[in-house]
Amino acid sequence: MTHFQRLTVVTVVATLALIGMGATVRITGSGLGCPDWPLCHGGFLPPAEQAPIIEWSHRALAGGVGILIVAQAAWAVTAFRRDRRMVVAVALALPLLLVQALLGREAVVRELPPMVVAVHMVSAQLLLALLVMMAVWAVRGRGLAVVGDAEGRIHRRATIAAAFVGLTMAVGAYMLATGAGFACSGWPGCAEAPIPFVDGGRLEHIHWLHRSLVGVTFVAVGWFAWTARGIAGRWMSAGIRALIVLYAAQVLVGAANLWFDFARPVRVAHLVLGSVVWAIAVALAVASRRPGRTE
């Protein structure tokens, strides 16, 4: 593996760690641990208290990830300047990185308005998707993308599965922003709205929309896996198995939020695992096309 390939992989892993840290900040209520920005209580280092330390750690990790993304972008433009897809990904990633920083600032300055926090989460997932795409294109995984004559059909279904994973996460972010995550007290049923989209009110409907998309996404993932059976290469098959297992685990962790009264570790695990599932789904969608020649 070349240095650039390692950089793209490290950047993806670091971004996942940053998303996990961001989830910890939100769930522990540490988002205003540093009430000013970019300093923390007027200094470069946080006071020795839990909330400021957690929020400052998140900011420090975000700065490190930002440096990795900028370095990767500069390298990609230099080494892959004739690869239009890589250049476009860089052109999208850098503004999105800036948007992330501005949204983080707005979240602090405006004292964590729910919709700003939700948009911040969604834009983080979009940035992660771009970084995953760049990593797959850089690695080009020689057995990773060999899917035989049925590659067009597999690619379409992999893309559909990834799109539904992303949509489910976006609705999940909106559900959290509106407080609809607490609208149902049980799983798989909902005592507050037993009949989906009929009983209950707006919050219950949002909650049921997220649950419904979870089911549809499971079908989409299964459809993709069924299509690729016996055709996909070794690495693709391993990725599909990981996607299925982790998505099933994600569903159970989501249910565990209700079973364990939204315990902090379970909530963090749900957000982090969802990001990992999203990253794998995007990687499979990109890798399911036979690689062309890169410069």
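Bear in mind these aren't lab numbers, they're just calculated from the coordinates by the rules spelled out. On a predicted model such as this, the values are computed, not experimentally measured, just so you know. Glycine gets a Cβ as well: all are built from the backbone with ideal geometry, and neighbour counts include every protein chain shown.
Observations on the model:
- Extending 7 Å from Cα along the Cβ direction at residue 160 and again at residue 198 yields two label points whose distance is 2.8 nm.
- Footprinting exposure proxy for 160, 54 (fewest neighbouring C-beta atoms within 10 Å first): 160, 54
- As a rough footprinting exposure proxy, the listed residues 84, 140 were ranked by other beta carbons within 10 Å of their own, and the order from fewest upward is 84, 140.
- Residue 13 versus residue 60: modelled label distance in nm, points set 7 Å from Cα along the beta carbon direction: 2.0 nm
- For the chain, radius of gyration divided by Kirkwood radius, i.e. Rg to Rh on alpha-carbons: 0.99
- Shown in residue order for the range 119-124 are the 3J(HN,Hα) couplings computed by the Karplus curve 6.51 cos²θ - 1.76 cosθ + 1.60 at θ = phi - 60°: 5, 4, 5, 5, 5, 5 Hz (x for Gly and Pro).
- Shown here for the range 1-96: chymotrypsin sites (Phe, Trp or Tyr not before Pro) in loop regions (DSSP other than H, G, I, E, B) with at most 13 other Cβ atoms within 10 Å, namely 44.
- Going from the fewest other Cβ atoms within 10 Å to the most, the residues 86, 134, 115 appear in the order 115, 86, 134.
- FRET efficiency, 1/(1 + (r/R0)^6) with R0 35 Å, evaluated for residue 229 and residue 191 via beta carbons: 0.35
- Inter-label distance for residue 261 and residue 79, nm, one decimal - labels placed 7 Å from Cα along Cα-to-Cβ: 5.1 nm
- Calculated [θ] (222 nm, deg cm²/dmol) that DSSP helices of n ≥ 4 give over the chain, each run adding -39,500 (n - 2.57): -25500 deg cm²/dmol
- The chain: most fluctuating residue of 151, 49, 106 per GNM, C-alpha cutoff 10 Å: 49
- Tensor-based shape of the range 147-241 (alpha-carbon gyration tensor, a/c under 1.5 rounded, otherwise prolate or oblate): prolate
- Segment residue 115-residue 289, extension gain: residue separation times 0.36 nm, minus the distance between their alpha carbons: 59.0 nm
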